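Following: one structure in structure tokens, then a few remarks.
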Amino acid sequence: EAAEEESRIAFSTFFLSLIGDLKWYLRPPSQAGLDPTLDKNLFMQSRARFGDVEGSGMYPLLTYFRESQLFEEFVKARIHEIRLRKPVPNDAPIFSLTSNYLRVHRIDFA
């Protein structure tokens, strides 16, 4: 159980630092009633601010990741959560709890 919990923490930490804060790369809705949209170029620009530029070790992974269905579905799910405007429950996955904590306390994701 301890190893499983440590693995959860390690993966959550990795993905939180990889994905960062959605506000870095979501475009506001163009009109009322629409959802924000994922801007993949803004995602890459946000990563470049942390040194993940072309030629860096992370750049190939990020280039692939930004085009993945996993990333798009993740963003869609987060937009859905934002739209619901519900607080993050105490039994939410560790990723959700941690990202909420970072946002509420204005702590840098990277």
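The values are calculated or read from the model by the stated rules, or taken from the named source; none is laboratory data. Computed from a predicted model, the values in this text were never measured in an experiment. Every residue, glycine as well, gets a Cβ built from its backbone with ideal geometry; the counts of neighbours run over all protein chains shown.
Just a few scattered comments:
- Those residues of segment 82-110 which are at negative phi and basic (Lys, Arg), in sequence order: 83, 86, 103
- Every condition in (1) of a type in the set (Asp, Glu); (2) within 24 Å of residue 97 (Cα to Cα); (3) loosely packed, with under 12 Cβ neighbours inside 10 Å is met by residue 67 except one, and the failing one is (2).
- The single condition among (1) modelled with pLDDT under 90; (2) within 21 Å of residue 93 (Cβ to Cβ); (3) exposed (fewer than 11 other Cβ atoms within 10 Å of the Cβ) that residue 15 does not satisfy is (3).
- Residue match in segment 41-54 (condition: farther than 21 Å from residue 12 by Cβ, in contact (Cβ under 8 Å) with a residue 24 or more places away in the chain and not polar (S, T, N, Q)): no
- Among the residues here, residue 21 qualifies as within 27 Å of residue 104 (Cβ to Cβ), under 15 Å from the mean Cα position of the chain (by Cα) and among the acidic types (Asp, Glu).
- Selection status of residue 36, more than 30 Å from residue 5 (Cβ to Cβ), free of Cβ contacts under 8 Å to residues at least 60 places away in the same chain, surrounded by 15 or more Cβ atoms within 10 Å (Cβ to Cβ) and not aliphatic (A, V, I, L, M): yes
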